[in-house]
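Here's the structure we're looking at; comments come further down.
The values are calculated or read from the model by the stated rules, or taken from the named source; none is laboratory data. Here the structure is a predicted model, which means the values were calculated and not measured. When we count neighbours, we look across all protein chains shown, and the Cβ atoms used for this are built from the backbone with ideal geometry, even at glycine. Accessible surface areas use protein heavy atoms only, side chains included; no ligands, DNA or RNA. Shrake-Rupley method; radii C 1.70, N 1.55, O 1.52, S 1.80 Å.
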Number of protein chains: 2
Amino acid sequence: MKPLEQFRLINTEIKQYEEALAVLYWDLRTGAPRKGMDTRTQVIGTLSAEMFARSTSQQLGALLTELESEEVWSELSPLDQSLVKESRLDYDRSVKIPPALYQQYVILTAQAESKWEICKEENDYESFQPLLDQIITITNEMIDLWGVKASRYDTLLDQYEPGMTVAQLDHIFGDLRDQLVPLAEKIAASPHQPRTDFLQQGFDVEQQKAYSKFILEQMGFDFEAGRLDESVHPFATGLNPGDVRITTRYLPNDVTSALFGTIHEGGHAMYEQNIGAELIGTTLCTGTSMGIHESQSRFWENVIGRSRPFWNAYYEELQSKFPQLASIDMDTFYRGNNVVNPSLIRIEADELTYNLHIIIRYEIEKMIFNEGLQAKDLPRVWNEKYEQYLGVTPPNNAEGVLQDVHWSGGAFGYFPSYSLGNMYAAQFMNTLEQQMPDVWAKVEAGDLHPIKDWLTERIYQYGKMKSPSELVQEITNEPLNPQYLVEYLKEKYTDIYRLEEV
Amino acid sequence: MKPLEQFRLINTEIKQYEEALAVLYWDLRTGAPRKGMDTRTQVIGTLSAEMFARSTSQQLGALLTELESEEVWSELSPLDQSLVKESRLDYDRSVKIPPALYQQYVILTAQAESKWEICKEENDYESFQPLLDQIITITNEMIDLWGVKASRYDTLLDQYEPGMTVAQLDHIFGDLRDQLVPLAEKIAASPHQPRTDFLQQGFDVEQQKAYSKFILEQMGFDFEAGRLDESVHPFATGLNPGDVRITTRYLPNDVTSALFGTIHEGGHAMYEQNIGAELIGTTLCTGTSMGIHESQSRFWENVIGRSRPFWNAYYEELQSKFPQLASIDMDTFYRGNNVVNPSLIRIEADELTYNLHIIIRYEIEKMIFNEGLQAKDLPRVWNEKYEQYLGVTPPNNAEGVLQDVHWSGGAFGYFPSYSLGNMYAAQFMNTLEQQMPDVWAKVEAGDLHPIKDWLTERIYQYGKMKSPSELVQEITNEPLNPQYLVEYLKEKYTDIYRLEEV
């Protein structure tokens, strides 16, 4: 076999292990019996170790060096060049971690995710804390092995959004906060507060499921290449473009949680379902970064899904499923779903204060890794920051520090992606409006597929072939610019809260 | 590491790959999206190849030889001795198959299982036939590699029921047929035919699900260590004793299909859930043979689940879920569920003619491997044998040769296990009645757990530690004896059909 073929084979096998592990994780989170979990986490550990061994083999290292040599490189297709580049990054990162440490990390986080689910349910932070401490310790060991960038936390950040730094984020998040806080204050002062009472009432769960399915179909989610299930914490996982799975949770007394959760995960799923066929079976066959991935979920959830034209198209169908909405007109429903209200739970937060939830997590994660904050102090710091930034105090840890799955999975450095996603989404929308001037007329007509096609052509099909900054530059002709998000929010809430009158 | 530790580690990893693969198969059969299947079967192929490499490594071969040496062997615990014996058998069998051939077989059968599901639905044997031919060809290659025993088919038979031969089965099945055919004729001639009209009417599927769950709980199925899902062809899979999964299918106009299907798979599941904790993580942690496994599913389904005392205990609950049964008394229901009626579909056959369905498959499998029968001729031979043995003609292949999943998975030699299971079950019941004289009073009181405990103590806990013949001899004090099944059926049907009057 030639070096390229050998390399492609190894890469395909790594991707296959990723898929097998993704099925095992999906299974753990969608109903695997509790008593089997100990054994299952050992299985995950062994498979991860095998994948890791392949990702760090001397053979792979030698092949990469060979493929990177000038005469071979120039003969490679653009796809193979991207694949070699991506593999080199991953190889250099992985090879620094001893296999035993990696396996320990994998087993620990699998255990912690299961434990977290129970602890959140039982509002029991104390039982969760030792596991979190271990995850922090092991993550610190890994930071040392990877090498500390500008700060310890920079090392983590770079893994989710390549090139992003604490210095940049401090600046961007500072900017956002400085502009969003006065906007939030104006909103709070407005006499035109939307009604929301009608959102909290009994909503038949079977009808919610049917509506979730309907909306996904409208968006262009392909049910022959994916499925919709239930889990405590909604998530999306792309096993391959022909099998992309999302979950949601249905609250019997709140229709919006499942609805917008489904659209959000649907956005992630559409990205994964529409990656180009030539990338299938390679490690390029996934979203290019967490920030771009979140831009897609939040684009569909907020920019499209919480827009007036969207509900002009789909409110009638919702009313037909839930007779209790018959007396609520579309505008009241639209405004109720865009209420700004500082609250406890990130995944239920409005588009504006959502960014403050992220800033809190960002600051806490910086404290953990740059200042040595320990797990035992997290509930206190968490609650203090919620009081300071949002003016609310969690009544318990389940609604506080235990609300997110991320830390139990070791995903420190992930949270900023959500706000980056908001910013990318607003910037993409600005370009879409210029290139497709009738885009909102299309939404209003219930014709969402041209939007899916626009995104597929510019983003989805490339998988990891293009970096986040390349995508943003190519699509919008400028780098990431948080001002688009600020302008988008100002315009939206000026209308909803009639701020020009305030 | 000492040889024993090294061996145990390899064995555990093999078991872990088995569990991962079992999850992937379960997933494929319980709702994995169609468009992802091609990629998924490649994933299964790679993982199977890796497991196979570990099962056939020179290192394992050397360790086995070392552990089998006299001085080491005598120091091993009984568990380790069993594990070495079992591994030796598996190693000797696996090492004869070249890895590339094995991987080809795994991918082929995974594809064929998916294809079978579609072809059965669409009554399309022609599209399935080329895959079946390939499976037969590759199975023949493997028989040559393993070595032909008394006949080619003997080689396959031995893998599901160690020690069983065509000569023995020809004798046993001949015996059975000679005694069951006249019994079936007497039954057909009886004027006391049970009513069955009430079984085919609308039965709410949600209520069927609830009742299936209720019955499993009564049997002692542990829902914290298992789950119940839906699939086209019901099956049970033991991932580990803490995670044993069964599926059933709910027909909207027939309550018995899901009911007895669930009890059947529940019997398999109880076996797997109650294997001793010390066997977890070893390849001994599963049922000892397909025949013994089927003895448990069919014991619970037929001997217990289709008995009069069982329905004395549970019929009231069934009536409360299905008001349309209010006017049907218990005895009518009991007799209706034990009607003997030669029919087309094996999994819906009665206890008596079921064995004729098995004999047909046994004879066809012998023809394929001992006489070179080809896939293209299977529908014809199938239909001829159904006419000859059961007096019925399949109207199409979906209800004929395409009805079972087994051949698509390459499971030639498995079918006889079902009838062996019937015979083992009747023999075990005979002993249980002697050792627990009030067993039927317990069933009638809805107290099934003593039966589960009796089976756990004698069968379940041992996993693969004891061979089928050891178990039967130890429990019943004699070898397998088909006469118990014949006597059981005679007694049961003499009562139901009042044969003493005929």
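Distances between placed amide hydrogens fall under 5 Å for B:D229 paired with B:I246, B:T247, B:T248, all partners being 5 or more residues away or on another chain. Taking the Cα centre of segment B:455-502 as reference, the dipole from Cβ charges on Lys and Arg (+1) and Asp and Glu (-1) amounts to some 260 debye. In this simple spin-label model, placing a label point 7 Å from the Cα along the Cα-to-Cβ direction at both B:H171 and A:E71 gives a separation of 7.3 nm. If we count every other residue with Cβ under 13 angstrom of B:L251's Cβ, Lys/Arg +1 and Asp/Glu -1, where does the sum land? Charge balance in the 13 Å sphere: -2. Directionally averaged projected area (the protein assembly as shown, Cα convex hull): 44.0 nm².
Between rounded, prolate and oblate, where does segment A:159-279 land on the alpha carbon gyration tensor, with a ≥ b ≥ c its root eigenvalues, rounded for a/c under 1.5, else prolate if a/b exceeds b/c? Since a/c reaches 1.5 but b/c is at least a/b, the shape of segment A:159-279 is classed as oblate. Projecting the Cα atoms of A:A326, A:Q296, A:N312 onto the charge dipole of segment A:295-339, computed from C-beta unit charges around the Cα centre, puts A:Q296 farthest toward the positive end. Using Cβ point charges alone (K and R +1, D and E -1), the dipole size of chain B about the Cα centre works out to roughly 640 debye. A Förster radius of 56 Å, combined with the Cβ-Cβ distance separating A:Q435 from B:N140, puts the computed FRET efficiency at roughly 0.40. Judged by the ratio a/c of the largest to the smallest principal axis of the C-alpha gyration tensor, segment B:433-502 counts as oblate, that ratio being 1.5 or greater while a/b is no larger than b/c. Averaged per residue, the protein assembly as shown has 38 square angstrom of accessible surface, using a 1.4 angstrom probe with ligands and nucleic acids left out. Based on Cα atoms of segment A:192-252, Rg over Rh with Rh as the Kirkwood radius reads 1.08. In straight-distance terms, cross-link reach from A:K85 covers every one of the lysines whose alpha-carbon lies under 22 Å from its own, apart from those fewer than eight places away in the same chain; here that gives A:K2, A:K15, A:K96, A:K149, A:K464, A:K466. Computed from label points 7 Å out along Cα-Cβ, the spacing between A:V181 and B:D447 is 7.2 nm.
Under a cut-off of 18 Å between alpha-carbon atoms, report the aspartates and glutamates in cross-link reach of B:K120, not counting same-chain residues fewer than 8 places apart. Partners found: B:D133, B:E230, B:E348, B:D377, B:E399, B:D404.
Each chain gives up part of its surface: B and A jointly bury about 2800 Å² of accessible area, both sides summed, for a 1.4 Å probe.
Taking the chain by itself as reference, segment A:1-31 contains these residues with an accessible-area loss of 40 Å² or more in the full protein complex (1.4 Å probe, heavy atoms): A:Q16, A:Y17, A:E19, A:V23, A:D27. Between segment A:377-436 and segment A:85-109, the C-alpha centres lie 27 angstrom from each other. Rolling a 1.4 Å probe over the protein heavy atoms of segment A:350-437, with every protein chain left in place, gives an accessible area that is 42 percent carbon and sulfur.
Peptide packing for B:67-78, B:3-14 was compared via the average number of neighbouring C-beta atoms within 10 Å per residue; ordered from the highest value, the list is B:3-14, B:67-78. Segment A:1-74 and segment B:159-234 have Cα centres separated by 43 Å. Shielding by partners for peptide B:43-50, expressed as the average number of C-beta atoms from other protein chains within 10 Å of each residue's C-beta, is 5. Accessible area of segment B:169-208 with a 1.4 Å probe: how many percent of it is carbon plus sulfur? Here it works out to 50 percent.
Charge dipole (Cα centre; +1 on Lys/Arg Cβ, -1 on Asp/Glu Cβ; no other charges) of segment A:315-447 amounts to roughly 520 debye. Projecting the Cα positions of A:S231, A:Q200, A:F221 onto the charge dipole of segment A:170-236 (unit charges on Cβ atoms of Lys, Arg, Asp and Glu, taken about the Cα centre) puts A:Q200 furthest along the positive direction. Given a Förster radius of 25 Å and the C-beta distance between B:A62 and B:E5 as r, what FRET efficiency does 1/(1 + (r/R0)^6) yield to the nearest 0.05? The value I calculate is 0.95.
Interface burial in segment A:217-241 reaches 30 Å² or more for A:E224, A:R227, A:N240, comparing the full protein assembly with the chain by itself; accessible area from heavy atoms with a 1.4 Å probe. How large, in percent, is the carbon and sulfur part of the accessible surface of segment A:209-302 at a probe radius of 1.4 Å? Carbon and sulfur atoms account for 50 percent of the accessible area of segment A:209-302. If both residues of a DSSP beta bridge must be in the protein assembly as shown, then about 50% of such bridges are antiparallel. In chain A, the longest principal axis of the Cα atoms and the axis of helix A:354-371 are about 40 degrees apart. For a straight C-alpha distance cut-off of 18 angstrom, the lysines reachable from B:K490 (same-chain residues fewer than eight places away being disregarded) are B:K186. Placing unit charges on each Cβ (+1 for Lys and Arg, -1 for Asp and Glu) gives segment B:1-114 a dipole about its Cα centre, and among B:Q6, B:L63, B:Q103 the Cα reaching farthest toward its positive end belongs to B:Q103.
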